[in-house]
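All of the numbers you see were taken from the coordinates with simple rules; none came from a lab. Quick caveat: nothing in here was measured; it's all calculated off a predicted structure. With ideal geometry, Cβ positions are generated from the backbone for all residues, glycine too; neighbour counts draw on all protein chains shown.
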Amino acid sequence: MYMSSKQQTFTRKGHNTVNSEKDWWRGAVIYQIYPRSFQDSNGDGIGDLPGIISRLPYVASLGVDAIWLSPFFTSPMLDFGYDVSDYCDVDPMFGTLADFDRLVVEAHRLGLKVMIDLVLSHTSDQHPWFVESRQSRDNPKQDWFVWADAVDCVEGADLNDPQQVPNNWLSIFGGSAWQWDETRQQYYLHNFLSSQPDLNFHNTAVQDALLDVARFWMRRQVDGFRLDTINFYFHDQKLRDNPILPSEQRNSTIAPEVNPYNHQEHLYDKNQPENIAFLRRFRAAMDEFENVAAVGEVGDAQRGMQIMTQYTAGDDLIQMCYAFDFLSPQTLDAQRIAAVINLFQQHSSDSWSCWAYSNHDVIRHPSRWQLDCSGQKLMTSLLLSLQGSVCLYQGEELGLNEGVVGFDQLQDPYGKEFWPKFKGRDGCRTPMVWSDTAVNAGFSEMQPWLPVDTQQQLKAVSVQDVDSTSSLASYREMLGFRKSFPALIKGELVNLKVSAAILSFERVIDQQRIFCAFNLSDKEQSLAIDDFGPDVPWAEGWQTLQGLGYQYSSSEARLQLPAWQAFYAIQGNSDGH
């Protein structure tokens, strides 16, 4: 066996290496909290802001840098908060504005940034703006939403006939994207539920109002925003039909086989060039405050990566975006991951990515990719080693599989529409499991809004917190490992290589250079010296990094990695300076 003459065991730093900086977001790890399902404090079976406050010490103990709160605004909750009826208040089921202010204070005390989910592309049909807009064609807000006449608005026409709607645009939640309104005798656009009308961003007054919403929350000391459906803001003013996609090109993160939405190329209902100018306005508004950042959700199966890099290029747009490449059902083998990274780098010169495996809209990744414990650990190490920022979803650190929710317990309108071929998003939204013995896993003393999954409860925080071999311990170790090396936080990713099932690359910043290799398979794999030339990352001049429990063996010519194992080595100053 040939081993480096030096081995380095990482030490976890006690201070936060990114939170105090202007570009704290660059390389930050953001923990997503779905408020309905995190912690109930008042016994109504629904999570709330005081419940989140009580659990913030746990979140801080993970070693993450920020939290992202899914919507908690006033809403009729037909899409569970993504249908906003008041952007500047807290829905009573979640608490009050005073509770939100307390949450921000406590998060900041613990060293956590606070990002909130802004749903700007559409409102609820109960929002006062839409209530006014639908009253007539000549009121002050008559064009704040997207209205259009029927194709053939003659007396006696069947307005539910697909031939009558303004064009062929479809709703993600099923059916036409157009809904007839009797009062205005016009259709309005909705990319999601018919109760979620789309705002008309071509109207600068709408833009001004939404920028004022962002300022309202920045005055309450939020540190950033997650911008829902950021590429849906503008529509084609000519209302041109979308082309139909050939079957082999139909792709989606959610229910690609059953949703007709995936049968179109969405050239005109989203991704419009006017969006760039609005994002510049949004960035300028953020820059009125100190150290505020945003991450945009890019929902597009065909051009997501290209749009993602466009929206984050330079210092006058959004700081970071994420697409759905790692949130899709497709297995992430070495070749696919390399292709995604190469595609991002191909389109990017100064853009910044944000990567995620799971969130509130997709099947939890251990179930989606059928990963065992070793596979989950390896994939986490890979995620936290990529160049970019990272979003972790609540319960991901526990290695939770998708929760089981029967049809009679289903809440998600998307799941109800496409059941049983697609079972909706409730399985990833089941309550957080805090205790293996407490009623409802410690989430609530009353019946929760979604059932607690009994198999998830076996992986509760109370069980894993005292187990040094648990998934929770592994996440804490890897987050500490990442935070110990500036190259892993903000360094450039170079020398990307694929050798069979092994993905390898280097992260480089200043005088620090870290080599990372991952065996993404259930069989032993090896790297040969021929892949690297004379500077072999496991030979003299490199220090192997210990502390994550991965196994490997090496000789002067070859590095052997058992199934689902990783290898790290460092060259240069270990502190990055």
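Do the sum for the chain: with -39,500 (n - 2.57) for every DSSP H run of n ≥ 4, divided by all residues, what is the mean residue ellipticity at 222 nm, to the nearest 500 deg cm²/dmol?
Value at 222 nm, helices only: -6500 deg cm²/dmol.
Which of the listed residues, Pro71, Thr96, Val292, is farthest toward the dipole's positive end in the chain, when Lys, Arg count +1 and Asp, Glu count -1 at the beta-carbon?
Val292
What full-extension length gain, to one decimal in nm, is calculated for Gln126 and Gln411 as 0.36 nm per residue of separation minus the Cα-Cα distance?
Going from the current span to full extension adds 100.6 nm.
Taking 8 Å as the Cα distance limit and 6 or more residues as the minimum spacing, I'd like the relative contact order of segment 491-572 as a percentage.
32
Please report the antiparallel percentage of the DSSP beta bridges confined to the chain, to the nearest 5.
Counting only bridges with both partners in the chain, antiparallel ones make up about 60 percent.
Which is farthest toward the positive dipole end of segment 239-338 among Phe282, Ser328, Ser247, measuring Cα position about the Cα centre, with Cβ charges +1 (Lys, Arg) and -1 (Asp, Glu)?
Among Phe282, Ser328, Ser247, the one farthest towards the positive end of the dipole of segment 239-338 is Ser247.
Please quote Rg/Rh for segment 391-511 to two decimal places, taking the Kirkwood radius as Rh and restricting both calculations to Cα atoms.
Values: Rg = 19.3 Å, Rh = 17.3 Å.
My calculation puts Rg/Rh at 1.12.
When the dipole is taken about the Cα centre of segment 491-572, and only Lys, Arg (+1) and Asp, Glu (-1) are charged at their Cβ, what size is it in debye, to the nearest 20?
Around 180 debye, computed over segment 491-572.
I'd like the Karplus ³J(HN,Hα) series for segment 192-206: coefficients 6.51, -1.76, 1.60, θ = phi - 60°, whole numbers in Hz, and an x wherever there's a Gly or Pro.
With coefficients 6.51, -1.76 and 1.60, one gets 10, 5, 5, 8, 10, x, 7, 6, 9, 6, 5, 8, 5, 5, 5 Hz.
Any chance you could check the Cα centroid distance between segment 297-324 and segment 442-465 for me, in angstrom?
Cα centroid to Cα centroid, the span is 35 Å.
Once label points are set 7 Å from the Cα along Cα→Cβ at both Glu248 and Asn203, what is their separation, rounded to one decimal in nm?
That separation, rounded to one decimal, is 4.5 nm.
What is the distance, in nm, between label points placed 7 Å from the Cα along the Cα-to-Cβ direction at Glu288 and at Gln237?
Spacing of the two 7 Å Cα→Cβ label points: 2.6 nm.
Taking only Cα atoms, what is the 0 to 90° angle, nearest 10, from helix 49-62's long axis to the longest principal axis of the chain?
20
Quick one: angle between helix 334-347 and the longest Cα principal axis of the chain, in degrees between 0 and 90, rounded to 10, please.
Relative to the chain, helix 334-347 is tipped by roughly 60 degrees.
Using a cut-off of 12 Å between alpha-carbon atoms, which aspartates and glutamates can reach Lys377, once sequence neighbours fewer than 8 places away in the same chain are excluded?
Straight-line reach from Lys377, under 12 Å: Glu396, Glu397, Glu477.
For an R0 of 41 angstrom, estimate the FRET efficiency from the Cβ-Cβ distance between Tyr58 and Ala277 and round to the nearest 0.05.
0.50
Taking a cut-off of 18 Å between Cα atoms, list the aspartates and glutamates near Lys22, but don't count ones fewer than 8 places away on the same chain.
Result set, ordered by chain and number: Asp65, Asp223, Asp287, Glu288, Glu290, Asp315, Asp316, Asp350.
What order, most packed first, do the peptides 214-225, 28-39, 107-118 have when packing is the mean number of other Cβ atoms within 10 Å of each residue?
28-39, 107-118, 214-225
Taking 0.36 nm per intervening residue step and subtracting the Cα-Cα distance, what contour gain separates Lys421 from Asp89 on full extension?
Result: 115.8 nm gained on full extension.
Suppose a student asked you for the relative contact order of the chain, using Cα pairs under 8 Å spaced at least 6 residues apart; what percent would you report? Walk me through the numbers before you get to the answer.
Details: 1240 pairs, mean separation 87.5, N = 577.
The value is 15 percent.
Which translational diffusion coefficient, to the nearest whole µm²/s, is obtained for segment 431-476 from the Stokes-Einstein equation, given a Kirkwood hydrodynamic radius over C-alpha pairs, 10 °C and 1.306 mPa s?
It comes out at roughly 147 µm²/s.
Can you give me the distance in nm between label points at Ser462 and His108, each placed 7 Å from the Cα along the Cα-to-Cβ direction?
3.5
Kindly state, to the nearest 0.05, the FRET efficiency for Gln511 paired with Asn342, given R0 = 25 Å and r defined as their beta-carbon distance.
Calculated value: 0.40.
Taking 23 Å as the cut-off for C-alpha to C-alpha distance, list the pairs among Lys113/Lys483; Lys238/Lys270; Lys421/Lys523; Lys483/Lys523 that go past it. Working shown, then result.
Values: Lys113/Lys483 16 Å; Lys238/Lys270 13 Å; Lys421/Lys523 33 Å; Lys483/Lys523 30 Å.
Distance filter (> 23 Å) returns Lys421/Lys523; Lys483/Lys523.
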